[in-house]
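Below is one structure, written out as structure tokens; comments come after it.
The values are calculated or read from the model by the stated rules, or taken from the named source; none is laboratory data. These numbers come from a predicted model, not from an experiment. We place every Cβ from the backbone using ideal geometry, glycine too, and count neighbours over all the protein chains shown.
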Amino acid sequence: MHRPNLNNLSPNERTLLANLIQLYTTPNIIDIHGNAVSSGIHSDPALFLSFHRNYIGGLETFLLQQGYPQWVPLPAWNPVEQIPQEFNIPNTGPERLQNLNPNVSFSPEFDQENLINFATVEELGEALIPRHNLVHRRIGGVMNNMRRAPVAPIFWPFHSFIDDIWWDWQRITVVVPSCIGLSIVNATRLLDNCGLHIDMKANFYTSPWIRIKQQKPAPLTVTPRGTIVKLYY
Ligand SMILES: [Cu+2]
């Protein structure tokens, strides 16, 4: 996790952050989400992640402009914890939040050490969407209105939390580049740059200029950083 926990901020800080979020969420900003929902982003796993990252990015730009770099990246709220009182917004009217304690855990499936079980960003997004939907439903009120959910300030730190899971996954995995046709020396350099290693033993007595014919894992496979790639020539 690289985003600070919303619940570790002081109550005053949370009040200020919630106010800034409300200042940012003009009808135009809400419409961006509404239109994205209409065009189906919640059923496209990869787009679901990238859309919300950009959407949060808009708020982060705003926070920087307003002079609050300490909240970039935006703090995250883990829905296994209570929604803090300062984020109980709206708390009146038909759109008010119904439940501050949705009590939805993303553990252990989405713990760092298990993220490697998701072979592609689509798999990760697909697994995240239903759990994410459950949080929206359990909070209720405007959070259960997919088009208008960003009206609730807690929407933003909640999506920060989801985004952090994706970020972790991106950090521990890498797409294996193709070394086919490269010399051993250039392949080593390329793999090094991606945080991958080369099986040296296989190539120890060979000229470093021999060209690679085959590799394992195959090009474009998602694999943990630090994986040893075997090259054949
Ligand atoms: Cu959402």
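Among the numbered criteria (1) farther than 29 Å from residue 26 by Cα; (2) in a loop (DSSP other than H, G, I, E, B), which single criterion is violated by residue 98?
(1)
Does residue 127 fit the bill of being within 11 Å of the ligand (Cβ to nearest atom), within 25 Å of residue 57 (Cβ to Cβ) and among the aliphatic types (A, V, I, L, M)?
no
Quick grid of which residues meet (1) surrounded by 14 or more Cβ atoms within 10 Å (Cβ to Cβ); (2) assigned to a helix (DSSP H, G or I); (3) aliphatic (A, V, I, L, M):
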{"site": "37", "(1), (2), (3)": "yes, yes, yes"}
{"site": "50", "(1), (2), (3)": "yes, yes, no"}
{"site": "59", "(1), (2), (3)": "yes, yes, yes"}
{"site": "62", "(1), (2), (3)": "yes, yes, no"}
{"site": "67", "(1), (2), (3)": "no, no, no"}
{"site": "70", "(1), (2), (3)": "no, yes, no"}
{"site": "79", "(1), (2), (3)": "yes, no, no"}
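Run residue 46 past the list (1) modelled with pLDDT of 95 or more; (2) within 16 Å of the ligand (Cβ to nearest atom) and report the number of the one that doesn't hold.
If we test residue 46 against (1) modelled with pLDDT of 95 or more; (2) within 16 Å of the ligand (Cβ to nearest atom), just (1) comes out false.
Which of the residues that make up segment 1-35 are assigned to a helix (DSSP H, G or I), within 20 Å of residue 145 (Cα to Cα) and polar (S, T, N, Q)?
22, 28, 35
Of all residues in segment 172-190, which are among the β-branched types (Val, Ile, Thr) and not in a loop (DSSP other than H, G, I, E, B)?
Once the filter is applied, which keeps residues that are among the β-branched types (Val, Ile, Thr) and not in a loop (DSSP other than H, G, I, E, B), segment 172-190 yields 172, 173, 174, 175, 184, 185, 188.
If the requirement is being aliphatic (A, V, I, L, M), crowded, with 21+ Cβ neighbours inside 10 Å and within 11 Å of the ligand (Cβ to nearest atom), which of these qualifies: 139, 165?
Details: 165 fails: within 11 Å of the ligand (Cβ to nearest atom).
Checking each option against the conditions leaves just 139.
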